[in-house]
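These notes are about the structure you will find just below.
The values are calculated or read from the model by the stated rules, or taken from the named source; none is laboratory data. Values in this document were obtained by computation on a predicted structure and should not be read as measured data. Methodologically, a virtual Cβ is constructed for each residue, glycine included, from the backbone with ideal geometry; neighbour enumeration extends over all protein chains shown. For the accessible areas, the whole protein counts, side chains as well, though only heavy atoms, and no ligand, DNA or RNA atoms are used. Shrake-Rupley method; radii C 1.70, N 1.55, O 1.52, S 1.80 Å.
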Amino acid sequence: MKKSFRKQTLKTLLASVLAFSALPAVAQQGDTSSVQRRTLKEVSINTGRASQQTPITTSNMNQRQISDNKTDISIPYILNTLPSVVAEGENGMVGNTSMRVRGIDRTRINVNINGITLNDAESQMVYWVNLPNLAGMAQNIQLQRGITASTEGSSDFGGAINLQTLNGKFQPYAVADLSGGSFNTRQYNFMVGSGITKHNWSFDFAYNGMNTDGYVRNGFADHKSFFASATHYGERSIFKAIAIVGKQKTGITWNGAYAEKLDNDPTYNDAGAYDDAFGNIYYYGNETDNYFQRHYQLYYNYALTSRWNINAVADITYGDGYYENYKNDKKPGSKYNLNTDSTTQDSSDFITRKMMDNVAYTANIGANYHSDKFQLSFGQAAQLYDGLHFGNIIWAQDPSLYTLNTFNDEGELEWYRNHSVKTSATSYLRANWDINHQSNLYADLQFRMVHYTMNGIDDDDIFDSLKFDENYLFFNPKVGYNRLWTSNNNQHNRLYFVAGISHREPCRADIKDAYYSNLWYQNGDTVKAEAMLDIEAGYQIRRSRFAASANLYAMLYKDQLTPSGRINSASGYALMDNVDRSYRLGIELEAGYLATDWMHLAGNLTLSRNKIIDYVYTVSVMDENWDYDHTEQRALGTTDLSFSPSVVGAAIASFKPFYACGEKGRNFNIQFVGKYVGEMYVDNTSREEMLQEDYFLLNLKAGYTWQLSGNKQIEAQIVVNNLLDHTYRVNAWNASYYFTDSANDSYDRAYFQQPGRNVMARLVFSF
């Protein structure tokens, strides 16, 4: 009786205990049944992770697939072939990268590691550069599109990424992964694990690094990250401790450049540029972005009975960093709190260092119930974020600018300092009821409370203290239906339907923009929380050699925040506008075909309409001295949502050309990967001059694996990106100017130039 209970308890623990913490599904060393070994390899359920019984649109990548794409370096480019995904980089695939899902930017994509949110609490962005080579510590990744399962952190408006870090393995292992290529890029990844010891512990470590000169000038990167985990497997429990540390130093490339500059020099980047009295151009040597991030996580799962388990998670994340900018021949006066009354110069060169120091405390506790026909998960998550923003003038060409100003201990002038505190509490309840052996109903209810305060002098206005204190209360319900027909020969059909509502609070930049707009222009601008109703229906079929799916979605928004076409004058980030009504309607198609044992074809295509209804464009009109004169509103009717292409697609053709030559021939593979991104507008006005051209990229991957004794192997890989050497640019920012004495509007467009053909070679040693 005790043995039977223990066996059932173990199965439940392995299959459902991870519903909150993404712990590796393994048993104690003494029990080596095939069920447990299969569970170790296949089961990876964590908070917000969807299964075939969850009516949510998903794509999954296992460790092998992630590893095959690791020459792409960053997570956005590793996921770039998935439906509706568009990856972007300031410097190609290295340095600062980001991604959009269905046209929705990174501030609205919820990312979590082991069930803990990775999004910055204030900007709500994920800075992939702050955790370099995160793929080197990933066991698997799931991308959810549209409506997603509830998790800790801000509600997503485009998708969610669930990343599970490395699982423990039964046997000791070691992997050395080395690659290098164009732009003097070098990447290395070392992984080692103890296997499960006789005392039921496992230890896993990964060290990653990347160095590159980059494609554009000053596009260098020096990145390092470290992963360590210790796991204990008890009779009914699993305990895990994880540390993830990332440190990066990256050259600033976020300015972009005008087309005429890039036409003359595709690698042009003006970051850090200054001139002397004779007009000679020089570049400041430390025009860099620097950040040090540390995650410390604890997980505990305990099986109360064969049907019930509880779990608890605690996380502390520290982050601190800065970026430096050389200001060439600027008028520093009121903007930087420098004293211009005591100097005869109207302008001067000086260097700024903008810094931040923050910490986030996160705690989750939950419970899971599982029976033959009913699954239930519920829990509570809470986060406290404490952030400090401050900036110093670390050097000025004209020393008299410092007169009457105070300095810190390092002899630097502090020109702003503000403090933010953000607390959030999330409660969720998820239920899955199996109506019969084929159909189930799904419900997901989330309550989220947020309190956000900002106080102090800000870099945008040193005379008026930034004051913000707001509470948000959101209820995000989701319901769905799922039907799955399966057969003994691994064939199935799946039909699902889901509908849900999401709300999301504005981020720091949105709040600041509205605050200062109202302060300076007295226009009554306030920023609103966003709301979305998403309705999706999908159908999937799988046969022995063929699989296909179609997903229809309708994402209907109230007060969606979208890029307005304006930029922040201090930092250059895109400013957002609440638009009253907007929508995204689309269909996502996927198919894969194993034509022969040596050829596999796969692809996806997204067709969509992304519109604002009755868009009213608010513009500030300037006089001839660039001073604000008045505000105008222009009714433009129905326009296209910015950065939302109506066509996105990818295709992959994989071959084993020497398959008939025996086992050694089967170890060679070659793959062609194509990516198409249709034309899009870079603001919401649908003006022709704001249209960004479409582009198509073709990459080539080839590899060979030498099988050695035991599980040892050596794998060689070569990747040629942009095989056709296509010249293309992605938008960096745009700004429109309106003047009282001009009949025509003026505008600026800056771009990110992308590299042409480039190569990476790779060797992987596994022991």
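Quick notes on this one:
- Using C-alpha pairs below 8 Å separated by at least 6 residues, the relative contact order for the chain is 10 percent.
- The angle between the Cα long axis of helix 2-16 and the main principal axis of the chain comes to about 30°, on a 0 to 90 degree scale.
- The GluC sites (Glu not before Pro) of the stretch 586-624 that DSSP puts in a loop, and whose beta carbon has at most 13 other beta carbons within 10 Å, are Glu624.
- Using a simple spin-label model with pseudo-atoms 7 Å out from Cα toward Cβ, Phe226 and Ala761 lie 3.2 nm apart.
- For Thr165, neighbours were defined as the other residues whose beta-carbon sits under 14 Å from its Cβ, and their charges (Lys and Arg +1, Asp and Glu -1) total +1.
- Most positive-pole-ward Cα, Thr596, Ile652, Thr618, against dipole of the stretch 591-714 from beta carbon charges: Thr596
- Peptides 712-721, 728-737 ranked from most to least packed by the mean count of surrounding Cβ atoms within 10 Å: 728-737, 712-721.
- Using the average count of surrounding beta-carbon atoms within 10 Å as a protection proxy, the listed peptides 210-222, 308-320 rank, highest first, as 210-222, 308-320.
- Solvent-accessible area assigned to carbon and sulfur over the stretch 264-324 amounts to 58 percent, based on a 1.4 Å probe.
- If the chain linking Arg64 and Val616 were pulled fully straight, counting 0.36 nm for each residue of separation and taking away their Cα-Cα distance, it would gain 193.9 nm.
- Were the residues from Leu178 through Ser427 laid out at 0.36 nm apart, the gain over their Cα-Cα distance would be 85.3 nm.
- If you take all other residues with their beta carbon under 12 Å from the beta carbon of Ala595, and give Lys and Arg +1 and Asp and Glu -1, the sum is +1.
- 222 nm mean residue ellipticity, helices alone, for the chain (DSSP H n ≥ 4; -39,500 (n - 2.57); rounded to 500): -2000 deg cm²/dmol
- On the basis of the beta-carbon distance and an R0 of 51 Å, Ala660 and Gln633 show a calculated FRET efficiency of 0.15.
- Calculated FRET value between Lys558 and Leu594, using beta carbons and R₀ = 51 Å, to 0.05: 0.70
- Dipole size of the chain about its Cα centre, with +1 on Lys/Arg Cβ and -1 on Asp/Glu Cβ: approximately 5760 debye, rounded to the nearest 20.
- For the pair Ser709 and Ser544, a Förster radius of 35 Å applied to the C-beta separation gives a FRET efficiency near 0.60, rounded to the nearest 0.05.
- The number of Lys pairs in the stretch 139-277 with C-alpha atoms less than 29 Å apart, excluding pairs fewer than 8 positions apart on the same chain, is 9.
- Gyration tensor verdict on the stretch 72-137 (Cα atoms; rounded if a/c is under 1.5, prolate if a/b is larger than b/c, oblate otherwise): rounded
- For the pair Phe497 and Ala382, label points projected 7 Å from Cα toward Cβ lie 4.0 nm apart.
- Solvent-accessible surface of the chain, taken per residue with a 1.4 Å probe and all protein chains present: 42 Å².
- Taking all Cα pairs closer than 8 Å and separated by 6 or more residues, the relative contact order of the stretch 50-113 comes to 20 percent.
- Shape call, the stretch 668-713: gyration tensor on alpha carbons, a/c limit 1.5: prolate
- Sorting Ile196, Ile394 by accessible area puts them as Ile394, Ile196; the probe is 1.4 Å, largest comes first, and only protein heavy atoms count.
- Cα gyration tensor, the stretch 112-228 - rounded (a/c under 1.5), prolate or oblate: oblate
- Against the rule of thumb 2.2 N^0.38 Å, how large the Cα Rg of the chain comes out: 0.98
- In plain terms, the chain from Thr526 to Asp748 could stretch by 77.3 nm, reckoned as 0.36 nm per residue minus the Cα-Cα distance.
- Net charge, Ala499 excluded, C-beta distance under 9 Å - Lys, Arg +1, Asp, Glu -1: -1
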